[in-house]
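See below for the structure under consideration.
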Amino acid sequence: MNKASPQADYRESATIADMVQLVSYDEITEVLRSRKFVQGAYAISGKHMMRDTLTLLDGPPHMQRRRVLAHLFDDAAMAGVRERHLIPAVEQCMAEIAAQPRAADGSIPADLVLLVQRCLHRVAAALAGIDGLDNPADADRFVEQVRAIATGATVDWSRGDPQIVQRAAMQALDAFRREFFEPSVAHRKAVIDNARARGEDLKPLSNDLISMILVNEGGAWQGDPELPLREVSTFLVGASQTTAASLVLLILRLEDWFKAHPEDRKLIEADPEFLRRAAFDSLRMTVASPARIRRATEDVTLSSGRSFKAGERVALLFIPANMNPALFGHDAAEFNPHRQVKDAPLWGLAFGGGAHSCPGRPLVTGSRNMSGTIGVDGTMVSVSRRFYAAGLSLDPRRPPVCDTTTHYDLYAEVPIRFTRL
Ligand code: HEM
């Protein structure tokens with residue numbers, strides 16, 4: 001399945017072709033953790049759609065926003081999100097699918113790519129503080145807008161004309177602003193202004209990103225009045241698109257695995273850990289961006305002896321690093337849901353490291369615990385477990401279609417069928 005991967009040639013992409021490209025797990029970890037390197041990616045979108053957002057900041061202002069945001073992702077908050085948003089959203093999607101016309105053999109056809117977006121959008125919206133998604137048509141429009149905004153945020157990796165990609169993304173951002181963002185802000189502002197006027201504690205109201213920005217504790221978000229829109233839309237992209245892409249790849253890898261190991265399919269139900277470990281190993285082989293990029297703020301020499309000049313940018317290639325046999329075993333280049341790993345997280349560098357490491361990891365993996373053995377399903381596993389319970393299989397007549405517009409590892413369509421709905 002990886003042979004058809006649209007990102008196979010990402011190393012030659014103009015975005016990183018001229019940079020030193022690190023593939024060593026240790027070197028990458030050292031760069032991610034070093035204070036002498038700062039965010040160096042998003043050369044195009046960082047000037048417009050993502051300007052001054054969390055991802056682009058470094059140093060004390062970045063730490064201040066991260067501290068505020070951390071409250072969104074503690075284990076209690078994650079459990080609440082799972083119960084109140086994820087599980088109902090997945091059940092609603094399955095009910096909608098069950099109401100679709102059936103094929104002659106009784107199965108129900110669907111597109112996995114669209115379906116995972118529908119399942120995940122409510123979780124991302126709830127964390128961001130976006131309302132108005134109860135009606136399926138509104139939800140579908142929201143999903144389309146976020147996907148279009150994502151192509152603008154990741155324009156550095158686009159295979160198309162950056163100006164055309166950005167124009168379409170800006171149109172989607174504008175529609176999102178009018179339809180969803182402004183009404184959600186107005187609603188929260190009224191609640192917060194009231195509480196302020198009554199002298200109440202505002203902390204309990206800060207349970208989504210928009211409310212956090214409005215409360216603006218310690219001035220973490222101040223200045224530019226357009227910043228909240230950029231911060232919230234960028235957050236929505238990170239909160240939905242990476243998990244959606246990872247979930248599609250997990251199902252494709254599992255279905256490949258079951259072809260060679262048909263006896264393992266029963267483990268989905270028989271062993272709750274099976275899907276979790278499969279998700280972690282699939283994440284190890286997945287990247288949220290083809291490469292992460294950092295810029296040296298001063299001349300620096302790594303423990304390996306490799307040096308960088310002040311201002312030099314470096315590309316961090318997580319995929320080859322996550323295939324290090326010394327850490328992940330002799331078959332590290334292959335997907336293996338039974339993999340044992342001792343000296344690294346099961347998902348390797350999938351969530352990055354250091355100051356910019358992914359704050360959403362507990363939602364995806366189930367908890368803050370780095371060992372992955374937590375007995376709880378994160379988003380990827382909750383959704384895939386429900387799909388398999390409904391008898392998911394790939395459509396044998398219609399193979400998956402890669403998204404060839406980007407260096408990201410994305411699929412445009414993955415036809416599936418449900419046989420137990
Ligand atoms: C499979 C799913 C995901 C993967 C593989 C992933 C991966 C990553 C990685 C590698 C970074 C670091 C970027 C860098 O170093 O430049 C990151 C940052 C980030 N992620 Fe995730 N992520 C996922 C899901 C999520 C979710 C569900 C959320 C929110 C609910 C989220 C929110 C963020 C944010 C806000 C940042 C920026 C952090 C910063 O720059 O300080 N991510 N993610």
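All of the numbers you see were taken from the coordinates with simple rules; none came from a lab. Because the structure is predicted, anything quoted here is derived from the model rather than measured. Every residue, glycine as well, gets a Cβ built from its backbone with ideal geometry; the counts of neighbours run over all protein chains shown.
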Can you tell me the relative contact order of the chain? Whole percent, Cα pairs under 8 Å, sequence separation 6 or more. 28
Assuming a ≥ b ≥ c are the square roots of the Cα gyration tensor eigenvalues, decide whether the stretch 71-205 counts as rounded (a/c under 1.5), prolate (otherwise, with a/b larger than b/c) or oblate. oblate
If you only keep lysine pairs separated by 8 or more in sequence, or across chains, how many in the chain come under 23 Å at the Cα atoms? 4
Quick one, could you list the DSSP H helices from the chain stretching 30 Å or more along their long axis (Cα atoms) with average Kyte-Doolittle hydropathy of 1.0 or above? none
Length gain on complete extension for the stretch H71 to R33, per 0.36 nm per residue less the alpha carbon to alpha carbon distance? 11.4 nm
Test of understanding: ordering R67, R188, R198 by Cβ neighbours within 10 Å, fewest first, what list do you get? R198, R67, R188
Gyration tensor on Cα atoms of the stretch 125-223, a ≥ b ≥ c root eigenvalues, a/c under 1.5 rounded, else prolate if a/b beats b/c, else oblate, says prolate
Please identify every one of the trypsin sites (Lys or Arg not before Pro) in the stretch 314-373 that sits in a loop by DSSP and has no more than 10 other beta carbons within 10 Å of its own beta carbon. K342
Would you calculate the separation in nanometres between label points at K47 and A104, each defined as 7 Å from the Cα along the Cα-to-beta-carbon direction? 5.7
Inter-centroid distance (Cα atoms) of the stretch 171-185 relative to the stretch 254-320, Å: 34
The size of the Cβ-based charge dipole (Lys, Arg +1; Asp, Glu -1) of the stretch 281-382 about the Cα centre, to the nearest 20 debye, is 260
To make sure I understand, if each residue's beta carbon is the centre and we count other beta carbons within 10 Å, what order do H407, H356 fall in, fewest to most? H356, H407
Length gained, E182-E83, 0.36 nm per residue minus C-alpha separation, equals 33.0 nm
Suppose every K and R has +1 on its Cβ and every D and E has -1 on its Cβ; what is the size of the dipole of the stretch 33-160 about the Cα centre, in Debye to the nearest 20? 820
Within the chain, percent of DSSP bridges classed antiparallel, to nearest 5: 85
In deg cm²/dmol, rounded to the nearest 500, the helical mean residue ellipticity at 222 nm of the chain, built from -39500 (n - 2.57) for every DSSP H run of length 4 or more, is -13500 deg cm²/dmol
Which of rounded, prolate or oblate describes the stretch 206-318 when judged by the alpha-carbon gyration tensor and an a/c cut-off of 1.5? oblate
